[in-house]
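Note sheet for the following structure.
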Amino acid sequence: MTDSSTVQARGVDARTPDFIAIDGPAGSGKSSVSKAVARALGFGYLDTGSAYRALAWHVLERGADTADADAVIAAASDFPVQLGLDPDDRSVRVGDADVTEAIREPRVSGAVSGVARVAEVREQVNRLFRSLVAEAPYPAVVVEGRDITTVVAPDAPVRILLTAAPEVRAARRAGELAGEDAAAVAAALHKRDASDSTVVDFLNAAEGVEVVDSTELDFTQTIDAVLTVIERLRGAHRG
């Protein structure tokens, strides 16, 4: 496992930039890898997917249908979400409710795409992400999600698309969901990819975005590959 001593030995300077943007499809490893990178560098970590999950939970708790764009917009206008940036504290709150576990429930997972498809909501949530990073008590924040490199932080000095072959992503996701049927997990992942791809292209790197393909890499190797890109791009940006 890569740790802070490894990072220091590699000469990575953890002062700038404010954004390290990591994009990628479900099952690519972007969440676990981003957390590990943030922890190693002493940076904050923002899981943008948690915000959309929390909003989907919020819509459902109001008794609304996440397929109803107007209902989603109305819920988003009164959405007191609290997201921590500590990579070791992934708690999420909506108002007084701790929804850290609830947003991972199947009913919420099935409703996320309906929320994320609404353009007005995405604009509002993206403003929240930028604000969180701007006010973060860290030298930088690793921000991961579906359109971070192209919409939220298109000017970030470090933009990475972390991807993997579909069958590898499905196997990894099935491994994370103990007891779930692998075929069902693969079908759900494919359905989510198809739905989300109508909103944003997260399978192809935009100009200036570095690709890290983890198909043939294990977890530690993937972290090392991402750190290598960060080191190179941040060095080039300062130069």
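Looking at the range 83-119, which of its residues are in a helix (DSSP H, G or I), surrounded by 13 or more Cβ atoms within 10 Å (Cβ to Cβ) and not hydrophobic (A, V, I, L, M, F, W, C)? Explain how you work it out, then say what you get.
Taking the range 83-119 first, the residues in a helix (DSSP H, G or I) are 102-104, 106-109, 112-116, 119.
Subsequent filtering for residues that are surrounded by 13 or more Cβ atoms within 10 Å (Cβ to Cβ) retains 102-104, 108-109, 112-116.
104, 109, 113, 114, listed by residue number.
If you scan the range 9-36, which residues turn out to be over 20 Å from residue 154 (Cα atoms) and modelled with pLDDT of 90 or more? Give the steps one after another, and end with the answer.
Here is the first cut: in the range 9-36, the ones over 20 Å from residue 154 (Cα atoms) are 9-14, 26-29, 32-33, 35-36.
Across the range 9-36, the qualifying residues are 32, 33, 35, 36.
Out of the range 62-82, which residues are in contact (Cβ under 8 Å) with a residue 24 or more places away in the chain and either aromatic (Phe, Trp, Tyr) or in a helix (DSSP H, G or I) (or both)?
69, 72, 73, 76, 79 - these are the residues of the range 62-82 that are in contact (Cβ under 8 Å) with a residue 24 or more places away in the chain and either aromatic (Phe, Trp, Tyr) or in a helix (DSSP H, G or I) (or both).
Take the range 56-91 and flag every residue that is closer than 25 Å to residue 38 by Cα and of a type in the set (A, V, I, L, M). Steps first, please.
Filtering the range 56-91 for residues closer than 25 Å to residue 38 by Cα gives 81-91.
Selection gives 81, 83, 85.
Please find, among 26, 56, 36, the residue that is in the same structural domain as residue 129 (by TED's automatic domain parsing) and of a type in the set (A, V, I, L, M). Even if it seems obvious, please write down each step before you answer.
Details: 26 fails: in the same structural domain as residue 129 (by TED's automatic domain parsing); 36 fails: in the same structural domain as residue 129 (by TED's automatic domain parsing).
It is 56.
The values are calculated or read from the model by the stated rules, or taken from the named source; none is laboratory data. Please read these numbers as outputs of a predicted model, since none were measured by experiment. A quick note on method: Cβ atoms are made from the backbone with ideal geometry, for glycine too, and the neighbour counts reach across all protein chains shown.
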